[in-house]
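What follows draws every value from the coordinates through simple rules; no lab data is involved. The model shown is predicted, which means the values in this text are computed figures rather than measured ones. Neighbour counts are summed over all protein chains in view; Cβ atoms, including those assigned to glycine, are modelled from backbone coordinates with ideal geometry.
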């Protein structure tokens, strides 16, 4: 009990889970939604704290991988649950969510990390080899899973046939697994900060017991974040409809809420002059979002009836292509200034604007 009183991050995830359980049964609305938002914000902050404890114990790039995969697995579960329950425009739910995640991570988090890093030291430095490999993997996964369905002819509309979806799912899973192996084993040095942070080495690593407790509380906090985001989504949908905005705006808001832990963790790393860790989080989250979501919905399509729209529209493909081109030009030098961060943030703003005003 003394530990719980001393460390609020141990209490908040449990409180968020309690709020989620009560709200799941009571279906709150109106002013009660404010409580859900506050609980979700607390869960986000505590998730970042626990992710940093785990990362300090296991080291990089394992720490970034833990947070990215944990959030994505829970996010995939949310997508599959929403698709199975039916509702408004579930046929494009996976596509919209994955594309929003890619644009948020590859432009929003990516640009914000570069901006913060450049403000700290005039130039943000990172490993071009590892970051370039991650960007190439994201571009391949996004094209294979989100662009090709628009041009295939086996089925009408931007859909994969069953065989094509199976191929895309297997290829996505294998490519993501190959990247994780390269990132954590064969070429781990390519994903470490350019300059080792001496301040981290000066601190004693947390014990295995502390790290395990933080891992459990991290998962609890992430369950609370995603679950509360699902409960808040009807209020968001009503607000979007009342404002006369398109349904795609809902997906952007939900994706922003779910990706909040990665965003905060990336900014904190950039403020510590560890821009490489920030970029690992950004691109790793984008990669996990595609590499785990496509196989999951391919498996779920066995019992979920109805069409599955995966292909992007023309505007979305232009944004994706521009993101990849700008990303390559940013990554190749291995260093970036305020300009590169600003360019990515403008691309992110353009994505948000076109989602609101297509």
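General observations
- Applying 0.36 nm per residue to the separation of residue 302 and residue 167 and subtracting their alpha-carbon distance, the gain on full extension is 47.1 nm.
- By the count of other C-beta atoms within 10 Å, a proxy for reagent exposure, 254, 294 are ordered fewest to most as 254, 294.
- In terms of the mean number of neighbouring beta-carbon atoms within 10 Å, the peptides 116-123, 103-110 order highest first as 103-110, 116-123.
- Peptides 146-155, 39-48, 324-333, ordered by how many other C-beta atoms sit within 10 Å of their residues on average, highest first, read 39-48, 324-333, 146-155.
- Across the alpha-carbon set of the stretch 246-358, the Rg to Rh ratio works out to 1.00, Rh being the Kirkwood radius.
- Cα Rg, Dmax (largest Cα-Cα span) when computed across the stretch 117-196, Å: 17.4, 53
- Between the alpha-carbon centres of the stretch 98-170 and the stretch 264-319 there is a gap of 7 Å.
- Rounded D (µm²/s) - the chain, Kirkwood Rh over Cα pairs, Stokes-Einstein at 37 °C, 0.692 mPa s: 158
- For 292, 310, 338, order by how many other beta-carbon atoms lie within 10 Å, fewest first: 338, 292, 310
- Here the sum of -39500 (n - 2.57) over DSSP H runs of 4 or more residues, divided by the residues of the chain, equals -24500 deg cm²/dmol at 222 nm, to the nearest 500.
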